[in-house]
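*Asks:* My questions will all concern the structure given below.
The values are calculated or read from the model by the stated rules, or taken from the named source; none is laboratory data. Here the structure is a predicted model, which means the values were calculated and not measured. When we count neighbours, we look across all protein chains shown, and the Cβ atoms used for this are built from the backbone with ideal geometry, even at glycine. Ligands, DNA and RNA are stripped out before the accessible areas are found, and what is left, the full protein with its side chains, is counted by its heavy atoms. Shrake-Rupley method; radii C 1.70, N 1.55, O 1.52, S 1.80 Å.
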Amino acid sequence: MKHFQESVYKLIVETSTNLPGDVREAINRAKAQEDSGTRAALSLSTIADNIEMAECNVSPICQDTGMPTFIIHVPVGANQIVMKKQILEAVSQATKDSKLRPNSVDSLTGANSGDNLGPGTPVIHFEQWERNEVDVRLILKGGGCENKNIQYSLPAELEGLGKAGRDLDGIRKCILHAVYQAQGQGCSAGFIGVGIGGDRTTGYELAKHQLFRRTDDVNPNEELRQLEEYVLENANKLGIGTMGFGGQVTLLGCKVGVMNRLPASFFVSVAYNCWAYRRQGVLLDPETGEIREWIYNSSTGEKVAVRDEAEVAAAAGQPERREIVLQTPITEEQVRELRVGDVVVINGMMHTGRDALHKYLMDHDSPVDLNGSVIYHCGPVMSKDEQGEWHVKAAGPTTSIREEPYQGDILKKFGIRAVIGKGGMGAKTLKALQEHGAVYLNAIGGAAQYYARCLKKVEGVDFMEFGVPEAMWHLQTEGFAAIVTMDSHGNSLHADVEKHSLEKLSELKEPVFQ
Ligand SMILES: O=C(O)C[C@H](O)C(=O)O
Ligand code: SF4
């Protein structure tokens, strides 16, 4: 199979940079359902822009290119050892070419392998079949939505929904709860794969396999078909909306699979995938390894309608939405002026920082002055040119809640005035924003091309030893827009949406499937 490695490389690039047609259609439908001018509609426009940009630039849709997971069907006798070696080569090459972010981290030392290779990464499953072709499928599922996967053991007592028994109605409750607990943190609107039964490991595997189903396929099991339909309709009543900003569309797809279980166990496993639902597949010629066919057709996939000027104008015309341009360094007075719902446009310097940096700063000094500064929760995809200069290739926000134990203290210690991330933060940070005078800005998760365009120049980098995603990048920005979702007056849009969605969840308590 002379062309196998090259075909796998093409598959990786396509998966990372171009969303399949069925996913685009689902996002388009969501866009049509949201009222124009709302935060959700505007966010979906940004998402649509980002999808187009990624395709045009052949660059990652989201900077978190996830855990590359391959599922491969081969004819009997195919040499899986050689194929595996070539897959590793293709992954490493795609990482060098900035199509994948270096995402493989030593769990004990924190060292990034730099090429996406290491124990357990990438994930490769082989299966034999009797067809005379090779089927290679790939999913790039990022860490933020992976963190929102959840497994229930029935019977259980669920927040808002009460008792969930070992029956179809108990399963229904678990799935609704799974969507509720994700809030906007997994970059809603999302897609879920559900595995009923199995053990803890195979249950999750089954859930993830459901994510390879096309969004428009129909479950052959009538009970499960009804369940999928019910969940899709009712999860959208929770009002979580795009990025957890509130809205009509919270879930874009639900696929459920079932397998046998042990008498003592009853697991319901849910794999949550963000809107940046990157999965693709190819059918290969078993002799040459050349691509015969793409499995999730992207070329016939429709375009996601890009930003509509009328919509932007409608949003701007809303009296309650203000747009404030800020130049760094930012003062306390400027920050105290801001209210939840304002759009802030940042010009000047921004510093990236995520898990490793926040932990470090708790008991060390910062290499740069952070007074009046902006911290961006972001692990970008970077590339270095021949002159040794760095360029930002993809740079959307990461889930901020992971920094909750540190953020409040760090704001105060260094005089930071704005934190940009996604998904919101908790009570401790909200209190610190109020006491110190700072603001939390929510950027649109996954919109990595959209934001990379605003990051004009890399002024420097510290802590490269933490690896590319965790390093502290010093970036010159121009026109970086984000929404105030937590202000210095004790208001949090995230707390409001969570409370409201819990009320909505409780309305779905009554049995549906007897
Ligand atoms: O690691 C990242 O850049 C983002 C992550 O996928 C997240 O959603 O938090
Ligand atoms: S940042 Fe959002 S879109 Fe990107 S992988 Fe994480 S959850 Fe998905």
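*Asks:* Hey, could you check the range 92-115 for residues that are within 16 Å of ligand 1 (Cβ to nearest atom) and basic (K, R) and say which is most open to solvent (accessible area, probe 1.4 Å)?
*Replies:* K99
*Asks:* If a residue counts only when it is free of Cβ contacts under 8 Å to residues at least 40 places away in the same chain, which strands (runs of 3 or more DSSP E) contained entirely in the range 156-262 have at least 1 such residues?
*Replies:* Numbers: elements: 156-158, 162-164, 190-196, 251-258.
Fully inside the range 156-262 and qualifying: 156-158, 162-164.
*Asks:* Further, regarding this structure: Name the helices (runs of 4 or more DSSP H) wholly inside the range 284-371 in which the number of residues that are at pLDDT 95 or above and touching a helix residue (DSSP H, G or I) at 6+ places or on another chain (Cβ under 9 Å) is 2 or more. If you could, list the steps in order and put the result at the bottom.
*Replies:* Values: elements: 309-316, 332-336, 355-362.
Here the list reads 332-336, 355-362.
The rows are residues; the columns are (1) surrounded by 15 or more Cβ atoms within 10 Å (Cβ to Cβ); (2) more than 16 Å from ligand 2 (Cβ to nearest atom).
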{"residue": "G142", "(1), (2)": "yes, no"}
{"residue": "N147", "(1), (2)": "yes, no"}
{"residue": "E159", "(1), (2)": "no, yes"}
{"residue": "A164", "(1), (2)": "yes, yes"}
{"residue": "L168", "(1), (2)": "yes, yes"}
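*Asks:* While we're here: Pairs needed: first member in the range 5-18, farther than 9 Å from I291 by Cα; second member anywhere, at pLDDT 95 or above and basic (K, R); C-beta distance under 8 Å; at least 6 residues apart or different chains.
*Replies:* I12/K99; V13/K99; T15/R278; T15/R279; S16/K99; S16/R278; T17/K99
*Asks:* Among the residues of the range 263-279, count how many are crowded, with 24+ Cβ neighbours inside 10 Å, more than 16 Å from ligand 1 (Cβ to nearest atom) and among the aliphatic types (A, V, I, L, M).
*Replies:* Total meeting the criteria: 2.
*Asks:* May I pose another question? Give the residues of the range 423-442 that are without any contact (Cβ under 8 Å) to a residue 60 or more places away in the chain and open to solvent by less than 10 Å² (accessible area, probe 1.4 Å), sorted by residue number.
*Replies:* The answer is T429, A432, L433, Y440.
*Asks:* Something else now. Which residues, counting only those in the range 413-437, are touching a His at 6+ places or on another chain (Cβ under 6 Å) and under 20 Å from A356 (Cβ atoms)?
*Replies:* The first filter runs over the range 413-437 and keeps only residues touching a His at 6+ places or on another chain (Cβ under 6 Å), leaving 421, 424.
Once the filter is applied, which keeps residues that are touching a His at 6+ places or on another chain (Cβ under 6 Å) and under 20 Å from A356 (Cβ atoms), the range 413-437 yields only G421.
*Asks:* Moving on to the next point. Which pairs turn up if I take residues in the range 33-53 that are under 15 Å from N442 (Cβ atoms) and look for partners that are of a type in the set (D, E, K, R) with beta carbon separation below 8 Å, at least 6 apart in sequence or on another chain?
*Replies:* Going by the 8 Å Cβ cut-off, the qualifying pairs are A40/E34; L42/E311; L44/K31; L44/E34; T46/R307.
*Asks:* Identify, from the list D342, D355, the residue that is within 16 Å of ligand 1 (Cβ to nearest atom), open to solvent by less than 60 Å² (accessible area, probe 1.4 Å) and assigned by TED's automatic domain parsing to the domain that holds Y406. If you could, list the steps in order and put the result at the bottom.
*Replies:* Values: D342 fails: within 16 Å of ligand 1 (Cβ to nearest atom).
None of the other options fit; the residue is D355.
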